[in-house]
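Beneath this line is the structure, given in structure tokens, with notes to follow.
The values are calculated or read from the model by the stated rules, or taken from the named source; none is laboratory data. This one's a predicted model, so the numbers in the text were calculated from it and none came from an experiment. Cβ atoms come from the backbone with ideal geometry, glycine included; neighbour counts cover every protein chain shown. SASA here: full protein model, heavy atoms, side chains in, ligands and nucleic acids out. Shrake-Rupley method; radii C 1.70, N 1.55, O 1.52, S 1.80 Å.
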Amino acid sequence: MASIKNSLQKIRRIYGGFKILKKTGKTPDFAYHAMRSLFVETGGSSNDVISKLIKQKKYEGINFSDGVLQFKNSTELKDSVKSLQQNGFHIFDAKLDEATVNKIVDYAKSTPCKYRKINENSTGSDYKIEITEEEGLFDESNPKSPIYQFKMDNIVQSKELQELIFDTSLLAFAQEYLDSKPILDLLAMWWSVPFAGKGKSEAAQMYHFDLDRIKFVKFFFYLTDVDGETGPHCYVKGSHKKLHPTLKRDGRFSDEEVEKAFGKNNLLELSGKKGSIMVVDTRGLHKGKDLTKDKRLIFQIEFANSMFGQVYPPCKKPQLRDELDARYKKYFDTYSATIE
């Protein structure tokens, strides 16, 4: 009886959170935490139900063939979505061309980013790290942290990244997967470097699930070659469908726990050459494998079916070429939540 009352209380908090979001544009913490708690309690089915209730009318006629994913027809698009639905990830055949990748890498090398400061009083994988307010250029010869992150305001200034942010093939895919009008809710780009296993948890190098939104999907672009030693994205195949009974908690999980729950064959390392593009539902268990050599640069675009969830500050709309500006206006409901 007490369990039912607790669940009903969480549902009321979530409902109240949606009402506040509609008025203020922000989700209150009590509602966000209630959503996460109910997700764990129900194994994820609560978010599936909410997604159906908040479903928004889709755009019509998105040009999916004129974009980086290079879909030849709607069958290719739908087959890729089915692959994501089944496995929790999909690696596209299409890749970014070398010239585009090189320009993005050059931009990342010449643009300030924030690093995560290591607390040297901790030891081993329990090292505590925090994002500093200091910005500086990424110096691979003298790394101070396992991860260096770019602000969205800087990300959107890159002409090459703008082309990806407003790419209609990505928009069409996101809409098909979310089964709702997609909302651009987050942009991210970061360098990763070897750091002797320090700060693994805070650098997302232990298995976990993301739950910033009700339903969401992430596109990852490898901007450097990624193999088993340079930090591949590790994903547990099929884990996006339902939270495993032995892992029903909100936090980090050891490799041993995850392997016992899903079997070694379902723990995959998603490597790829620079320019590789993949899409992942990171509601499933995943991590970034810690690097043992070299460096890694990744760009990420995330679409969601609602802005209910974590509150991130939006970024300023950059100057766009005419065609991209027209897309911003045409799909204003998608882009304006994050790019104002």
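Could you give me the residue pairs with C-beta distances under 8 Å whose first residue belongs to the stretch 98-116 and is over 16 Å from residue 134 (Cα atoms), whose second residue is in a helix (DSSP H, G or I) and open to solvent by less than 40 Å² (accessible area, probe 1.4 Å) wherever it lies, and which are 6+ apart or on separate chains?
104/161; 107/161
Looking only at the stretch 150-164, how many residues end up being over 13 Å from residue 315 (Cα atoms) and touching a Phe, Trp or Tyr at 6+ places or on another chain (Cβ under 9 Å)?
Qualifying residue count for the region: 5.
Does residue 195 meet the test of being open to solvent by 10 Å² or more (accessible area, probe 1.4 Å) and either modelled with pLDDT under 95 or more than 16 Å from the chain's Cα centre (by Cα) (or both)?
Criteria met by residue 195.
Could you check how many residues of the stretch 305-320 are surrounded by 11 or more Cβ atoms within 10 Å (Cβ to Cβ) and free of Cβ contacts under 8 Å to residues at least 24 places away in the same chain?
Within the stretch 305-320, residues that are surrounded by 11 or more Cβ atoms within 10 Å (Cβ to Cβ) and free of Cβ contacts under 8 Å to residues at least 24 places away in the same chain number 0.
Pairs under 9 Å by beta carbon, first residue of a type outside the set (Ser, Thr, Tyr) and loosely packed, with under 13 Cβ neighbours inside 10 Å in the stretch 73-93, partner modelled with pLDDT under 95 and assigned to a strand (DSSP E or B), six or more apart or different chains?
Short answer, once both residue conditions are applied: none.
Specify the residue that is farthest from residue 236 (Cα to Cα); the eligible residues are those in the stretch 322-340 that are free of Cβ contacts under 8 Å to residues at least 12 places away in the same chain and open to solvent by 70 Å² or more (accessible area, probe 1.4 Å).
322
Considering only strands (runs of 3 or more DSSP E) fully contained in the stretch 248-304, which possess at least 1 residues that are at pLDDT 95 or above and surrounded by fewer than 18 Cβ atoms within 10 Å (Cβ to Cβ)?
267-270, 296-304
Let's see how each residue does on (1) at pLDDT below 95; (2) part of a helix (DSSP H, G or I); (3) among the basic types (Lys, Arg); (4) touching a strand residue (DSSP E or B) at 6+ places or on another chain (Cβ under 6 Å):
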residue: 8; (1), (2), (3), (4): no, yes, no, no
residue: 13; (1), (2), (3), (4): no, yes, yes, no
residue: 16; (1), (2), (3), (4): no, yes, no, no
residue: 27; (1), (2), (3), (4): no, no, no, no
residue: 59; (1), (2), (3), (4): no, no, no, no
residue: 82; (1), (2), (3), (4): no, yes, yes, no
residue: 86; (1), (2), (3), (4): no, yes, no, no
